[in-house]
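No value in this document is a laboratory result; all are computed from the given coordinates. These numbers were taken from a predicted model, which means no experiment stands behind them. We place every Cβ from the backbone using ideal geometry, glycine too, and count neighbours over all the protein chains shown.
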Amino acid sequence: MSNNQKPTTNNIIGIIGSGAMGAGIAQVAATAGHSVIVYDNNDSALSKAKANLDSTFKKLIEKQKLTDEKAKSIIANIQFANDLNQFRNCGLIIEAIIENIDVKQKLFSDLEAIVSAHCILATNTSSLSIASIASACKKAERVIGIHFFNPAPLMPLVEIIPGILTDNAVTENSKKIIDSWGKVTVFTKDTPGFIVNRVARSFYGESIRIYEEGMADFATIDWALKTYGGFKMGPFELMDFIGNDINFKVTESVWTQFFFEPRFKPSLTQKRLYEAKLFGRKSGRGYYNYAEGVAMPQPKQDEELGKYIFNRVIVMLINEAIDSLYLQLATKEDLDLAMTKGVNYPKGLLKWADEIGLKNVYTSLDVLYELYNEDRYRPSILLKMMVRDEKKFYS
Ligand SMILES: NC(=O)c1ccc[n+]([C@@H]2O[C@H](COP(=O)([O-])OP(=O)(O)OC[C@H]3O[C@@H](n4cnc5c(N)ncnc54)[C@H](O)[C@@H]3O)[C@@H](O)[C@H]2O)c1
């Protein structure tokens, strides 16, 4: 711990940006008993967030998840501000504004001139590096990534991402605070997509590839992964749910930031959907057509094909998780927690690898690699070594 970075137990939490994520994080922090100040540079966004929070708490009372009294006390904990100077006494500020490096850097630099020396400045960025945001600050050691998932009140996972200059005390305090909010925290390195948005790429990418090769349609691929993998939603249903605009942009960003690593290569199929504004459920059409009266396509329930599809996608997911472990992105426990708590996978991928058998995973990947001669299918060196040494991830 550096001399000037004391552990903080300061109760006041600042949230900047009152959109989907900011409002959700404010709800979580206020429910945990903190005084929360929410700021947005757009007055109507701030009013909308206030109205949405009021209606969320009303619903929670109706469903008897909260008493009237409790809801009132939580709402009273949230203050809406239109001036950053009101953040002067915050112990932790979480930024959830537009995903733009210049705008975020300016905000962090402005904040540093207002807050105390001990205030932790956190970003909820999904795709920017913590190092680049922190570089705008004089005290880069106070900057950290605290990455919630959408919707923040419901999704248990939070990725904690220290940047290259982040003080250990800041990392520990951030974890302590977020743990106290009842969240499941995992530590990860400051690399593109962190854990979840990196490891999950193959769920979408390999499924689209299978479709592009003409092996199966969307409904059949979704059916295969739900039936043989136990995933709650198939990849095409999930991409339509997340939004093809967001999902495509995340894929493109991870691929670009990994210097065009072939495992993360985006697809033209999704790019065309994005260009045509076929974003999924929110626009009424994506891989599926959600217009009223339009029947959903039925899968071809062919067991052999279904098992082939599931196996091809799961070995790609597992390979990514193993390579992430090899590159010390996170511990094996955190890698598995991240996928079960961040994207509701039925099992952690490393645990799943043990169950399938590392040799089977390796052989499936090697067959694909030999067949396609494409780097995207190369097995992780860690997988190769573990097969050689007949090891498992968990005993
Ligand atoms: N939506 C998700 O699924 C998700 C999940 C995890 C992380 N994130 C990240 O969280 C952040 C916010 O995402 P979101 O989906 O809530 O966005 P959003 O568009 O719903 O909300 C962003 C808000 O920030 C405000 N804003 C923009 N510039 C500002 C500034 N300079 N100062 C103050 N307020 C400003 C906007 O008025 C808007 O209300 C982004 O960095 C995003 O990458 C999003």
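Tabulated results
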quantity: Neighbour cut-off at most 12 other Cβ (10 Å), DSSP loop, GluC sites (Glu not before Pro), segment 268-364; calculated: GLU292
quantity: For GLY14, residues with placed amide H under 5 Å, excluding near neighbours; calculated: ILE37, GLY91, LEU92, ILE93, ILE94
quantity: Distant-in-sequence amide H partners of ILE78 (H built 1.01 Å from N, under 5 Å); calculated: VAL36
quantity: Note, ³J(HN,Hα) from phi for segment 347-363, Karplus 6.51, -1.76, 1.60, rounded to Hz, x at Gly and Pro; calculated: 8, x, 5, 6, 5, 4, 4, 4, 5, 5, x, 4, 5, 5, 4, 4, 4
quantity: Alpha carbon convex hull of the chain, projected area averaged over orientations, nm²; calculated: 21.0 nm²
quantity: Contact order normalised by residue count of segment 196-261, Cα under 8 Å, 6+ apart, percent; calculated: 27 percent
quantity: Amide H contacts under 5 Å for SER126, placed H, 5+ residues apart; calculated: none
quantity: Around TYR39: net Lys/Arg minus Asp/Glu count, Cβ-Cβ under 13 Å; calculated: -3
quantity: Residue-count net charge about ILE61 - beta-carbon cut-off 13 Å; Lys, Arg +1, Asp, Glu -1; calculated: +2
quantity: From phi via Karplus (6.51, -1.76, 1.60), per-residue ³J(HN,Hα) for segment 15-21 in Hz, x at Gly/Pro; calculated: 10, 10, x, 10, x, 3, 7
quantity: Net charge contributed by nearby residues that have their C-beta within less than 12 Å of THR125 (K/R +1, D/E -1); calculated: -3
quantity: Beta bridges by DSSP in the chain, antiparallel share as percent, to the nearest 5; calculated: 25 percent
quantity: Whole-Hz ³J(HN,Hα) from phi, Karplus 6.51 cos²θ - 1.76 cosθ + 1.60, for segment 175-191, glycine and proline x; calculated: 4, 4, 5, 5, 4, 5, 8, x, 8, 9, 9, 10, 8, 8, 6, 7, 10
